There are 2 protein chains.
Amino acid sequence: MSISTSSLSVSKHVMPEDGVELLSSVEDLYGGVRVDMVESMDPKVFSTLLKASMSHWRQRGKKGIWIKLPIELANLVEAVVKEGFRYHHAEPDYLMLVCWIPDTIDTLPANASHRVGIGAFVVNDKREVLVVQETTGKFRGSGVWKLPTGVINEGEDIATAAVREVKEETGVETEFMEVLAYRQSHKSFFGKSDLFFVCLLKPHSFDIQKQDTEIEKAQWMPVEDYATQPFVQKSEIFKLIADVCLAKLDTDYAGFTLVPTTTSSGKPSYLFCNSRHLKFEPTSAI
Amino acid sequence: MSISTSSLSVSKHVMPEDGVELLSSVEDLYGGVRVDMVESMDPKVFSTLLKASMSHWRQRGKKGIWIKLPIELANLVEAVVKEGFRYHHAEPDYLMLVCWIPDTIDTLPANASHRVGIGAFVVNDKREVLVVQETTGKFRGSGVWKLPTGVINEGEDIATAAVREVKEETGVETEFMEVLAYRQSHKSFFGKSDLFFVCLLKPHSFDIQKQDTEIEKAQWMPVEDYATQPFVQKSEIFKLIADVCLAKLDTDYAGFTLVPTTTSSGKPSYLFCNSRHLKFEPTSAI
């Protein structure tokens with residue numbers, strides 16, 4: 001169910017087959033074929049090559065056919081759709097289309113399904129929490145004090161994102177300690193789902209330099225004052241998160257800490273877990 | 001940083017303005033405009049309307065301009081790109097393009113960044129874990145016994161996905177108990193990131209009916225035999241996950257349980273947290 005390009009076999013650029021020219025393609029590990037279009041081409045010429053290629057792949061029992069079109073080749077999108085392809089995903093500079101040839105059930109991998117956000121619970125030795133008022137969004141002008149929040153960037157670690165957002169919004173330097181809780185919700189954004197991680201951070205500086213564009217005000221506030229705001233008490237989810245934060249301060253609450261590791265293919269990765277009962281030592285230094 | 005369509009103000013279908021026809025659009029809450037194309041249109045006519053509309057929006061200080069094109073209107077993609085739009089995201093049946101008009105920094109929300117998967121640790125009263133061998137992928141034919149894994153569907157809860165995958169792959173009925181750990185990794189799939197949640201499930205049935213297409217073999221295996229497989233011991237991440245699973249069986253290890261709640265906009269949602277020190281009762285029934 002995943003696409004690996006690590007061991008693709010590359011075919012010739014334009015392969016003559018029974019005198020017919022075909023699109024340049026590479027085979028994937030799942031019985032499929034991938035076409036990376038790079039150079040511009042007349043849409044009619046492209047359409048003819050695509051038809052011939054589809055016929056060729058069909059005869060050879062190929063399954064998923066992937067065509068990647070850089071945005072500069074937007075004039076070829078129509079021809080691919082006309083051949084029965086659907087959109088798979090898009091990034092700013094390209095569109096990926098896919099077609100499943102066999103009569104069997106389509107086992108093509110799904111598109112990315114979640115956006116990931118963080119909320120930062122930054123608390124100092126005086127039981128004061130770092131809070132902000134935002135200049136946009138639904139709490140604008142409401143006087144509500146919120147934890148700093150943000151969306152993680154493409155390829156960014158959860159812990160890095162939490163430290164970055166606090167620094168950007170308030171100027172405060174922090175260190176990631178642990179994930180206290182997380183929430184999954186659906187249809188939050190163009191029909192996509194959302195994962196929101198509440199992170200405990202330890203402050204290493206205390207002077208606030210608030211960001212001008214997104215943040216109206218920022219301050220250190222007694223944590224009980226934060227938790228007893230009417231908007232927190234009236235909202236099930238905000239109250240629950242505040243309860244978790246207070247439990248961290250007042251009880252033996254154990255969240256998930258960060259254990260550096262590598263994936264089975266050798267890439268650096270992190271496991272978040274309750275490391276209290278494990279033999280290894282967690283890290284906060286990333 | 002999020003898009004809400006709940007309070008969009010709808011403009012007329014094709015608005016005459018100084019005698020010039022414009023594309024039908026709605027305003028969003030962030031100073032932007034959204035166009036949902038529905039009916040087919042000649043690309044040249046569309047291009048003329050789009051140019052006039054862009055000029056109109058520019059004069060009025062609009063920021064992000066969103067154009068949604070259903071796949072049936074793939075013939076209009078080129079005209080939108082020529083006006084300076086980039087791709088934002090795509091789903092099987094539509095493509096979303098976006099253009100940021102002002103000279104300021106683009107604050108458009110990012111595309112979904114993560115795919116989410118689950119691994120299921122299903123253990124019975126005899127300390128036996130439910131394991132499988134897969135018919136495809138990199139462990140095919142290796143004799144390696146793995147936990148059942150899978151990718152969560154669009155809009156699916158993590159706990160539901162874990163129960164579903166175990167049922168699909170092995171026929172075993174289970175109940176979600178808690179998330180023991182999770183891993184974030186990057187560039188795992190078309191450059192996207194990946195979140196993988198290791199879930200503890202309690203079996204409610206024990207007879208195995210393995211799925212034919214994806215699963216080669218499935219069985220209950222002593223958990224120590226699973227953990228001591230050379231492939232587990234040699235892989236940092238697999239060993240770490242096995243250590244967490246053993247800690248759950250042999251120590252007081254607390255993962256994150258599921259607390260039902262609602263988001264601030266009233267939608268059902270779940271908070272995953274260590275509920276041991278909180279006053280409320282977690283649920284496994286979803």
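The values are calculated or read from the model by the stated rules, or taken from the named source; none is laboratory data. Worth saying up front: this structure is predicted, and the values here are computed from it rather than measured. For neighbour counting, all protein chains shown are included, and Cβ atoms are generated from backbone atoms with ideal geometry for every residue, glycine included.
Below is a table of values for the structure above.
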{"item": "Hits in region A:106-133 - residues which are of a type outside the set (A, V, I, L, M, F, W, C) and under 18 Å from residue A:235 (Cα atoms)", "result": "A:119, A:133"}
{"item": "Condition broken by residue B:97, with the remaining ones in (1) farther than 23 Å from residue A:34 by Cβ; (2) modelled with pLDDT under 95; (3) outside the structural domain of residue B:229 (by TED's automatic domain parsing) satisfied", "result": "(2)"}
{"item": "Within region A:68-82, considering residues that are aliphatic (A, V, I, L, M) and at the interface with another protein chain (Cβ under 7 Å from one of its Cβ atoms), the one nearest to residue A:99 (Cα to Cα)", "result": "A:81"}
{"item": "Considering residues of region A:56-67 that are surrounded by fewer than 18 Cβ atoms within 10 Å (Cβ to Cβ) and not in a helix (DSSP H, G or I) only, the residue farthest from the other protein chains (Cβ to nearest Cβ)", "result": "A:60"}
{"item": "Matching option when the condition is within 29 Å of the chain's Cα centre (by Cα), small (Gly, Ala, Ser) and part of a loop (DSSP other than H, G, I, E, B), among B:265, B:193, B:188", "result": "B:265"}
{"item": "Qualifying residue in region B:153-171 (condition: within 24 Å of residue A:31 (Cα to Cα), over 18 Å from the mean Cα position of the chain (by Cα) and surrounded by fewer than 19 Cβ atoms within 10 Å (Cβ to Cβ))", "result": "yes"}
{"item": "Members of region A:236-269 found to be among the charged types (D, E, K, R), more than 7 Å from chain B (Cβ to nearest Cβ) and in contact with a helix residue (DSSP H, G or I) (Cβ under 7 Å, 6 or more places away or on another chain), listed by number", "result": "A:239"}
{"item": "Residues satisfying the stated conditions in region A:122-152, i.e. of a type in the set (S, T, N, Q) and buried (at least 18 other Cβ atoms within 10 Å of the Cβ)", "result": "A:133, A:149"}
{"item": "Restricting region B:216-235 to residues that are crowded, with 18+ Cβ neighbours inside 10 Å and under 28 Å from the mean Cα position of the chain (by Cα), the residue that is farthest from the other protein chains (Cβ to nearest Cβ)", "result": "B:218"}
{"item": "Count - residues of region A:157-201 that are touching an Asp or Glu at 6+ places or on another chain (Cβ under 9 Å), among the polar types (S, T, N, Q) and under 19 Å from residue B:186 (Cα atoms)", "result": "1"}
{"item": "Candidate set from region A:187-215 (those that are basic (Lys, Arg) and away from chain B (no Cβ under 14 Å)); member that is surrounded by the fewest Cβ atoms within 10 Å (Cβ to Cβ)", "result": "A:202"}
{"item": "Scope region B:111-145; condition within 14 Å of chain A (Cβ to nearest Cβ) and among the acidic types (Asp, Glu); matching residues", "result": "B:134"}
{"item": "Filter result for the condition that a residue is assigned by TED's automatic domain parsing to the domain that holds residue A:172 and part of a loop (DSSP other than H, G, I, E, B), over A:231, A:206, A:238", "result": "A:206"}
{"item": "Scan of region B:80-134 for residues that are part of a strand (DSSP E or B) and among the basic types (Lys, Arg), ordered by number", "result": "B:86, B:115"}
{"item": "Unmet criterion (only one of (1) surrounded by 18 or more Cβ atoms within 10 Å (Cβ to Cβ); (2) facing chain B (nearest Cβ under 9 Å); (3) over 23 Å from residue B:196 (Cβ atoms)) for residue A:182", "result": "(3)"}
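For every residue, the table says whether it meets (1) small (Gly, Ala, Ser); (2) assigned by TED's automatic domain parsing to the domain that holds residue B:230; (3) modelled with pLDDT of 95 or more; (4) closer than 20 Å to residue B:242 by Cα.
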residue: B:127; (1), (2), (3), (4): no, yes, yes, yes
residue: B:131; (1), (2), (3), (4): no, yes, yes, yes
residue: B:142; (1), (2), (3), (4): yes, yes, no, yes
residue: B:147; (1), (2), (3), (4): no, yes, yes, yes
residue: B:154; (1), (2), (3), (4): no, yes, no, no
residue: B:185; (1), (2), (3), (4): yes, yes, no, yes
